[in-house]
Amino acid sequence: MKKIYLRLSFWSVFTQMWFFVFFILGVYSCINITIELVSEPFGIIFDCRLIFKIILSYISPFVFAYFVIISYCGNITLNSTSIYVKNDPKKFGSRLCLEKIQYRASVKYSDIENIKIVSLRTNSKKKPVHFQVPYLVIANKKGKKVLFGLYFMTKRSVNSLLIELIKRVKATNKDFDADINKLVEDFSKVRCE
């Protein structure tokens with residue numbers, strides 16, 4: 001089975017589609033501004049707009065690349081044996097109260113006992129936060145519950161995640177049963193809260 005990365009929110013889909021276009025346009029802009037700067041005769045005072053364009057042209061591709069890299073951290077990943085998520089380096093909330101939501105977590109498909117979607121006022125380590133967060137809660141056979149944040153996912157991407165996850169769990173545990181429609185409906189209710 002191939003590896004699948006799922007955090008297909010509007011933001012991550014947008015960055016996947018447009019990242020290379022914006023990066024190429026940024027590099028092209030940098031080259032044009034550099035040519036304009038070099039062709040400017042010495043001794044004449046530079047136009048402030050040219051200096052602003054230079055700064056913006058050279059910084060914007062790197063800022064955009066930084067946000068793309070950050071958006072890929074914390075992806076929910078389905079590999080051949082387990083579902084896992086890496087630490088999410090982003091912090092969410094108001095300026096006065098930034099909180100980290102997702103921490104590293106993983107569960108093997110063969111250990112999954114139950115799946116549900118809930119909204120909690122905790123981070124993935126079950127410590128309180130100041131806002132509601134939708135989670136995919138996976139209970140293993142030992143009774144431990146592992147939380148996977150769905151805070152940036154759309155209904156469509158959650159549906160894709162659940163279909164693939166349930167298919168992989170059923171491949172290792174024939175008795176496993178979960179209702180995808182009810183889980184997606186739960187996600188819709190959780191997102192509206």
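The values are calculated or read from the model by the stated rules, or taken from the named source; none is laboratory data. What you see is a predicted model, and the numbers here were worked out from it, not measured in a lab. Cβ sites come from the backbone with ideal geometry, for glycine too, and all protein chains shown count toward neighbours.
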- Going through region 144-193 one residue at a time, which ones are touching a residue at least 40 places away in the same chain (Cβ under 8 Å), more than 22 Å from the chain's Cα centre (by Cα) and in a loop (DSSP other than H, G, I, E, B)? N173, F176, A178
- Item | Residue in region 32-55 that is closer than 30 Å to E164 by Cβ and modelled with pLDDT of 60 or more present | no
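Here is a yes/no grid of residues against (1) in the same structural domain as V184 (by TED's automatic domain parsing); (2) outside any strand (DSSP E or B); (3) farther than 23 Å from T172 by Cα; (4) modelled with pLDDT under 70:
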residue: Y58; (1), (2), (3), (4): no, yes, yes, no
residue: Q102; (1), (2), (3), (4): yes, yes, yes, no
residue: L120; (1), (2), (3), (4): yes, no, yes, no
residue: K125; (1), (2), (3), (4): yes, yes, yes, no
- Note on the structure: Within region 60-95, residues surrounded by 14 or more Cβ atoms within 10 Å (Cβ to Cβ), at pLDDT below 65 and in contact with an Asp or Glu (Cβ under 7 Å, 6 or more places away or on another chain) come out as C73, G74, F92
- Within region 180-193, identify whether any single residue is in contact with a Lys or Arg (Cβ under 9 Å, 6 or more places away or on another chain) and closer than 18 Å to S82 by Cβ, and answer yes or no. no
- Message: Given the criteria touching a residue at least 40 places away in the same chain (Cβ under 8 Å), in contact with a strand residue (DSSP E or B) (Cβ under 6 Å, 6 or more places away or on another chain) and surrounded by fewer than 18 Cβ atoms within 10 Å (Cβ to Cβ), does A105 qualify?
- Response: no
- Identify, please: which residue in region 145-185 is farther than 15 Å from T77 by Cβ and of a type in the set (G, A, S) and is, among those, surrounded by the fewest Cβ atoms within 10 Å (Cβ to Cβ)? A171
